[in-house]
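Everything on this sheet refers to the single structure shown next.
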Amino acid sequence: MEVPTSTSLHDIYPEDAIPVETKRWERLLAQFKEKYGNQADFVARSPGRVNIIGEHIDYSLYEVLPMAVTADFLMAVAVRPADEKPRVRIANVLSEKFPSREIEIPTEEDIPIDASEHEWTNYFKSGLRGVSQLLEKKRGKGHFVSVGMDILCDGTVPSGGGLSSSAAFVCTSALAVMTANGETKVDKKELCELAIISERAVGVNSGGMDQAASVFSLRGTALYISFKPSLNYTTIEFPQTNPELTFVTAQTFVAADKHVSAPVCYNLRVVECTLAAVFLSKIFGLKKPLPKDSSPLDVSLRSFHDTYFEEKGGIADNTKTSVSDFEVQLQELIRLTEDYLPQEDGYTRSDICALLGISEDELNSRFMTKFPVRSDRFMLRQRALHVFNEALRVIQYRKLLSSPPEDGKELLKSLGDLMNETQTSCREVYDCSCPELDELCGIARGAGAVGSRLTGAGWGGCSVHLVPKDKVDAVKKAWEEKYYKKKFPDITEEKLKEAVVVSKPGSGSTVFKVV
Ligand code: NG1
Ligand code: MG
């Protein structure tokens, strides 16, 4: 399926966003002209996302259920003359926070990225590098990106706010570079796979949920994204209920800076999950080596899952089994984890080495070098338990949406319970919540939300809440009084508006032709 090209904002945004977005786009295009002296050729766009359920399981290759939001990242682009050495001039409408840069495009080698430096254009460079590698694969050796570009960026996804501004930026960058280089029919899957791999160049060993939600989303539906046997998605409609299902996001305004915290937070969780998979396959004496996943992750809990049931004679691929078989398998894996990974206080490097029969040097070089982590203890039991239970919740959530109980209230309650369970697991088992996220969830539940949890990586950032439509105002008011005005006494009305958003599922990546 191709990334759509359009000339009307009505193809891109819900009706109620059109007046604000029209002004924003006009401003962007006018500023572009003022800055570079000519008109932009096109605007590339990718949205942020809110994850409804399925947290921290994409890098273990289990299914997730996010949707795109209206907030997005825009890049107005003009192609530079073909006769000069290709370079990129890139600027942002927030020029103080994101200063203008010039990037030479090397024509014979990879684009260098220094992940140790927190530089905003690294996200662009990672998309540029990904496209460069793709073009070489498609067009033959030495055919890298050959076209220079002038770019002006404008993003409305709050950065560090848990709605995946980073993926929106990387997907937009990759789409812009492809379009400028004459790839007019951009395949969504190709773009998404490229963006997933590219984003890791900024130093976070991330899964693929955010890029998939940003690229594939269709207005009005959520997505059920799977990574095995290969990247795929189906759209998920929300049933009409009375009271109507409403998803509301609320920012903690605690910035989750993954670049700084990665070695003790995000990247550490990825390593813990990988080690749990390797550990379990060793314990069960699996004969077939765990398949290498098509990512820097050596192996995943999902590849352990598949191999374990293959060798036991069961079928693990949930595209072939009925959903309930898959649920039974997950339940069995939960029991096995409880029995065979008993250490509540974690596993040391020497515990892990002893079982795997490898040296500490090998352990470090295989699992902790490409994305370094800092920890003496690895909580394999807890991480595996979260992942298997969360994978199960996603399946149950999807089932409820596709065959909802007749009573709308019952549906709301069941969906809400699953989201609340996710929050408990994120807080107590996966250790990726923070007091502010828990506070927002508690306040929301007290004011009528039926399900409340963090969304995205956690440790700050954003929360998502399932609220019956008739309770939305009460929940908003409670946050305002008990959280925002208390914590930030000088908060402006504008900032308050930014903090709480009623999320309607938005559309995915698009190229807008400037006519
Ligand atoms: P955030 O930090 O919200 O962008 C991250 C990962 C996802 C996924 C979630 C947790 C990136 C780009 N994204 O999202 O892949 O693992 O955390 O479910 O790092
Ligand atoms: Mg991100």
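Just so you know, all these numbers are worked out from the coordinates, no wet-lab data involved. The structure displayed is predicted, hence computed values, not measured ones. Virtual Cβ from ideal backbone geometry, glycine too; neighbours counted across all protein chains shown.
Amide H contacts of Met149 (H built 1.01 Å from N, in plane; Pro and chain starts excluded): Arg80, Arg87, Val88, Arg89 sit under 5 Å, all sequence-distant by 5 or more or on other chains.
Taken over the range 120-170, the ratio of Cα radius of gyration to 2.2 N^0.38 Å equals 1.38. The phi-based Karplus calculation (6.51 cos²θ - 1.76 cosθ + 1.60; θ = phi - 60°) puts the 3J(HN,Hα) values of the range 73-88 at 10, 10, 10, 7, 9, 10, 7, 8, x, 6, 7, 9, 5, x, 9, 10 Hz, whole numbers, x for Gly and Pro. Here the 3J(HN,Hα) profile of the range 52-66, calculated from phi with Karplus coefficients 6.51, -1.76 and 1.60 at θ = phi - 60°, is 7, 7, x, 9, 6, 10, 5, 7, 9, 6, 9, 5, 9, 9, x Hz, Gly and Pro shown as x. Listing Ile395, Ile90 from fewest to most neighbouring C-beta atoms within 10 Å gives Ile395, Ile90. Residue by residue, the range 442-447 carries 3J(HN,Hα) couplings of x, 4, 4, 4, x, 9 Hz when phi is fed to the Karplus relation 6.51 cos²θ - 1.76 cosθ + 1.60 (θ = phi - 60°); x denotes Gly or Pro. Computing FRET efficiency as 1/(1 + (r/R0)^6) for Lys85 and Lys137, where r is the C-beta to C-beta distance and R0 is 22 Å, gives about 0.40. With Rg and the Kirkwood Rh both taken from Cα atoms, where does Rg over Rh land for the range 238-310? Ratio of gyration radius to Kirkwood radius: 1.21. Taking amide H as placed 1.01 Å from N in the peptide plane, Phe42 has its amide H under 5 Å from the amide H of Val77, Val514, each at least 5 places away in sequence or on another chain. Using only side-chain charges placed at the Cβ, +1 for Lys and Arg and -1 for Asp and Glu, the dipole size of the chain relative to its Cα centre rounds to 480 debye.
The order of the peptides 493-503, 143-153, 46-56 by mean Cβ neighbours within 10 Å, most packed first, is 46-56, 143-153, 493-503. The sum of -39500 (n - 2.57) across all DSSP H runs of n ≥ 4, divided by the residue count of the chain, sets its helix-only mean residue ellipticity at 222 nm to -13000 deg cm²/dmol. The alpha carbons of the range 174-282 give a radius of gyration and a Dmax of 17.7, 51 Å, in that order.
Scanning residues 5 or more positions from Ile53 or on other chains, those with amide H under 5 Å from its amide H are Leu65, with H placed 1.01 Å from N in the peptide plane.
Diffusion of the chain by Stokes-Einstein, at 10 °C in a medium of 1.306 mPa s and with Rh set to the Kirkwood radius over alpha-carbon pairs, works out to 67 µm²/s. Comparing Cα centroids, the range 199-278 and the range 436-515 end up 17 angstrom apart.
Temperature 20 °C, viscosity 1.002 mPa s: under these conditions the Stokes-Einstein estimate for the range 258-402, based on its Kirkwood radius over C-alpha pairs, is 134 µm² per second. Looking at the range 84-180, the trypsin sites (Lys or Arg not before Pro) that sit in a DSSP loop and have at most 10 other Cβ atoms within 10 Å of their own Cβ are Lys97, Lys141. Let me know the number of lysine pairs in the range 258-402 closer than 17 Å at the Cα, not counting same-chain pairs under 8 apart. Going through the range 258-402 pair by pair, I get 8.
Once both labels are positioned 7 Å from their Cα atoms along Cα-to-Cβ, the gap between Ser324 and Glu344 label points is 3.5 nm.
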